[in-house]
Structures are given as C-alpha cells and as structure tokens.
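Accompanying notes for the structure given below.
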C-alpha cells in the first residue's frame with residue numbers, strides 16, 4: 001500500500017497516526033481528513049489544520065452534520081411494518097445511537113470512499129486502552145486496514161508523540177495543545193473539550209488496570225484487584241501513580257462499580273468488537289489478535305470475588 005487516508009480529529013491518537021504514516025510514506029501520499037459535526041470545537045478543528053500544515057500533507061474538511069441529521073430523520077420518519085400482523089411502528093434514535101451514527105458516517109461513508117478514490121486505504125487510530133473495553137464504534141472508528149497504535153496504551157501514545165517531535169522530526173510537528181487537551185471523542189455536548197469534558201476512561205489509572213488484565217504473566221482477575229485494593233497495595237501492583245485510587249474513588253462501593261463496569265465490557269462486548277477489529281501491529285508481550293486467545297463466554301466473577309466484595313461493602 002502506497003497511500004493512506006487518516007481521519008484526524010485534533011486529538012492525540014489520530015495525530016500520532018498521521019505523523020507515523022507521513023514519516024513512512026511521505027506527505028504527498030497521506031491525505032488527512034477532518035470530519036466535524038456540531039459537537040467539534042474550533043479548538044480541535046484548528047489543531048487538525050495545524051497538524052496537516054506541520055506535516056505538509058494533503059488535507060480536506062468534510063463536515064458530517066447534514067448527513068447525520070438526514071440519517072436520523074430518515075430512521076425516525078420511515079415506517080416499519082410487521083408483514084404478518086400489519087402493525088406499523090417507527091424507530092426512535094437515542095442520543096447514544098446518534099453518537100454511533102456519527103462515527104460510522106465518518107468511517108464507512110467518508111473515509112472508505114475517499115480512500116478508494118485516493119488509491120489507498122484508511123487507518124484505524126484506536127489505542128490499546130480503548131480496544132480493551134470496546135470504547136469504539138463497530139463499523140465506525142474501529143474500521144480500517146491496520147490499527148498501528150492498538151498495542152499501545154494511552155500513556156504510550158503520549159510518549160510516542162513526544163518522541164516523534166523531539167527525536168524524529170526534531171521540531172513540534174504534533175502541536176503541544178494536542179498533547180495537553182483533554183482526550184475526547186466529541187460526539188455529544190457532554191464531551192465538550194473547551195469545558196474540560198472528555199472520555200469516561202480515567203487513563204492515568206485505567207491504562208494500568210486494563211494492562212493488568214492482559215499483559216501480566218499471570219493475568220489479573222477482578223478478585224485480584226479487590227484483594228490488592230483491600231490490602232492497600234493496588235497502585236503498587238498495577239504500577240500506576242500513588243494516590244490515584246483515593247483521588248478517583250470516594251468509597252469501596254464507587255471503586256467496585258467502576259471495576260465491574262469495565263470488566264463487564266472487557267470480557268463482554270469488547271471481545272466481540274476485537275474479533276472484528278482490523279489487524280493490530282503487535283509490539284508488546286501480549287497483543288490482541290495474536291497471543292491473547294479469547295472466547296465470547298462473557299464476564300465471570302468467582303466465589304472469592306463475591307466474598308471480597310461483600311466484605312468491602314460491609315454486607
């Protein structure tokens with residue numbers, strides 16, 4: 001493959017992907033596409049343009065709001081008929097579904113079509129943290145011919161961004177503001193970056209929690225996490241910064257609810273998404289799709305876990 005198309009948002013993942021591919025293929029063979037909706041801020045749109053200017057790549061802006069609005073209107077206004085009972089009904093598009101419609105419009109319609117016209121493929125910019133819990137849209141931003149960053153945790157993506165600036169290009173190619181801005185999908189008003197609103201993942205902690213599920217030689221289980229939490233050594237065992245647990249969670253109940261939320265996704269829906277994910281460039285000791293075999297049996301909690309949970313909750 002000689003040419004690639006990359007959807008860029010002004011965020012760190014797409015910026016690092018764009019910089020990597022430009023270094024490999026040359027700026028004339030890379031097309032960066034910014035696809036704003038009404039939820040994308042001027043801040044991130046400006047950062048997308050600045051990145052493209054710094055790299056010297058081909059660049060275009062393809063707004064999606066008109067098509068997204070039409071799609072939602074079409075879904076909600078077109079009747080559906082049960083051909084046996086003759087009953088008719090109409091769909092109602094929730095705000096969550098509307099978010100996924102945006103992601104699929106960007107990838108399945110714009111990026112796929114532009115890549116074919118440009119004579120190349122389009123990338124998947126997912127990182128390992130998002131891939132672990134399925135924080136992506138199937139047939140949307142999880143699509144692409146290669147997921148070059150999907151074996152890197154979010155903190156490693158930031159490290160790579162700084163390395164590319166200082167060691168490879170030896171100048172600020174990836175804007176510092178992209179490194180500093182809160183990570184956000186910008187798919188709703190609840191993810192407004194200018195208001196400091198971003199992803200639900202607390203990367204300084206969850207990077208290391210999710211890493212323990214897959215990259216430890218003896219993969220950590222929910223029971224292990226609760227035991228370390230109970231013993232006061234969780235941060236040491238995960239390798240994350242001291243003080244995060246107390247800062248993020250005000251009670252054992254809040255901590256357990258967070259753990260179960262992400263474990264249910266990691267061992268549940270995210271498995272189905274990973275099975276259908278693009279090929280992942282493996283750089284770690286255990287990468288999805290290579291030496292980490294999975295089944296779709298769903299999340300499971302042992303008797304030991306339930307006993308520890310009851311003890312921590314005073315039940």
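The values are calculated or read from the model by the stated rules, or taken from the named source; none is laboratory data. Note that this is a predicted model, so its numbers are computed, not measured. Heads up, the Cβs are rebuilt from the backbone with ideal geometry, glycines too, and the neighbour counts pull from every protein chain shown.
Farther than 21 Å from residue 315 by Cβ and modelled with pLDDT of 95 or more, is that true of residue 229?
Against the criterion (farther than 21 Å from residue 315 by Cβ and modelled with pLDDT of 95 or more), residue 229 does not qualify.
Output the qualifying pairs, or none if there are none: Cβ atoms under 8 angstrom, residues six or more apart or on different chains, first residue in the stretch 267-284 and more than 12 Å from residue 151 (Cα to Cα), second residue modelled with pLDDT of 95 or more and loosely packed, with under 14 Cβ neighbours inside 10 Å.
Every condition considered, no pair remains.
Please report, ordered by residue number, the helices (runs of 4 or more DSSP H) entirely within the stretch 93-167 with at least 1 residues that are free of Cβ contacts under 8 Å to residues at least 24 places away in the same chain and more than 18 Å from residue 1 (Cα to Cα). It would help to see each step written out before you state the result.
Numbers: elements: 95-104, 112-118, 128-133, 154-163.
Here the list reads 95-104, 154-163.
Check 89, 75 and return the single one that is farther than 26 Å from residue 152 by Cα and surrounded by 14 or more Cβ atoms within 10 Å (Cβ to Cβ). Give the steps one after another, and end with the answer.
Working: 89 fails: surrounded by 14 or more Cβ atoms within 10 Å (Cβ to Cβ).
The unique qualifying residue is 75.
Can you tell me how many residues within the stretch 33-53 are surrounded by fewer than 20 Cβ atoms within 10 Å (Cβ to Cβ) and assigned to a helix (DSSP H, G or I)?
So the count comes out to 7.
Search the stretch 111-120 for residues being crowded, with 19+ Cβ neighbours inside 10 Å and more than 19 Å from the chain's Cα centre (by Cα), and hand back the single one that is farthest from residue 68 (Cα to Cα).
120
Go through the stretch 1-31 residue by residue and tally those that are farther than 16 Å from residue 157 by Cα, in contact (Cβ under 8 Å) with a residue 24 or more places away in the chain and not in a helix (DSSP H, G or I).
9
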